[in-house]
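Quick notes on the structure that follows.
Please treat every number below as a calculation from the coordinates, not as lab data. All of these numbers come straight from a predicted model, not from anything done at the bench. Cβ: placed from backbone, ideal geometry, glycine included. Neighbour counts: every protein chain shown.
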Ligand code: GEK
């Protein structure tokens, strides 16, 4: 057993004390240490979405193809995918630009026995090559990509998918009109309160992530996917202002 499997999940208290000037959110070592707790208590439906990535992998992953986990963090999606597939010749390529995330991710992957290899790549997902992909998962990562780079990234994913390949995108959403956005935001904050976050934690995290995480409307996502060639694109899950979409490349 290595150190990772012995450690318990650390509670996220990064924003619990008054910080004065709240720093811009970054995926550093401090975030890595609390990440599993942070994402579970901040994203309603997170575990359901991760589990579904495994189900979709069982359905869509083709022999001798690649799966991509873009913005893999600690590899939750890769771990779920790897558990559900037994097709031969499959490689999972898990990409993140945070070295701290990937270091921890590697030790978590080492704890799971599987015949499917996972290659970790420290890179900007806008710069990597995507090829021979039967499944691409981008869970809560597109929202961190500059708006003017999103179309090109989605076009690259579409081109790299094999016919019949599947893209999963999970995102925090923006709503229109503003009154509806306000309602969904308040419901999300209520969820975070129920998960044990204080009002101070919620407001400091919001300040830290503002202009780092840029949400878009569901219509913007669907329109972009369709413009890239994904004729079939639909949300399959939504809880408050978080949703997950599937998009299928025509066979
Ligand atoms: C999960 N998918 O557990 N290139 C590569 N990685 C990036 C980039 C980029 N340009 N921008 C941000 N990241 C995971 C959760 S977290 C979501 C994904 C969240 C990485 C960043 O380092 C972080 O690890 C991840 O995207 C976003 O299902 O924390 O809200």
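Annotation: of all residues in the stretch 196-211 being under 20 Å from the mean Cα position of the chain (by Cα) and part of a loop (DSSP other than H, G, I, E, B), the one that is surrounded by the most Cβ atoms within 10 Å (Cβ to Cβ) is 210.
Within the stretch 212-232, the presence of a residue that is over 15 Å from residue 150 (Cα atoms) and part of a helix (DSSP H, G or I) is excluded. Hey, does the stretch 152-171 have a residue that's within 20 Å of residue 26 (Cβ to Cβ) and without any contact (Cβ under 8 Å) to a residue 40 or more places away in the chain? Checked against the condition, which is being within 20 Å of residue 26 (Cβ to Cβ) and without any contact (Cβ under 8 Å) to a residue 40 or more places away in the chain, the stretch 152-171 yields no hits at all.
Counting only residues that are outside any strand (DSSP E or B) and within 16 Å of the ligand (Cβ to nearest atom), the stretch 156-181 holds 4 of them. Restricting attention to the stretch 19-35, the residues being over 16 Å from residue 192 (Cβ atoms) and out of contact with any helix residue (DSSP H, G or I) (no Cβ under 8 Å at 6 or more places or on another chain) number 5.
Can you work out which of the residues in the stretch 36-67 that are within 14 Å of residue 93 (Cβ to Cβ) and touching a helix residue (DSSP H, G or I) at 6+ places or on another chain (Cβ under 8 Å) is surrounded by the most Cβ atoms within 10 Å (Cβ to Cβ)? Result: 67. For the stretch 12-35, taking the residues that are without any contact (Cβ under 8 Å) to a residue 40 or more places away in the chain and part of a helix (DSSP H, G or I), the one that is farthest from residue 116 (Cα to Cα) is identified as 30.
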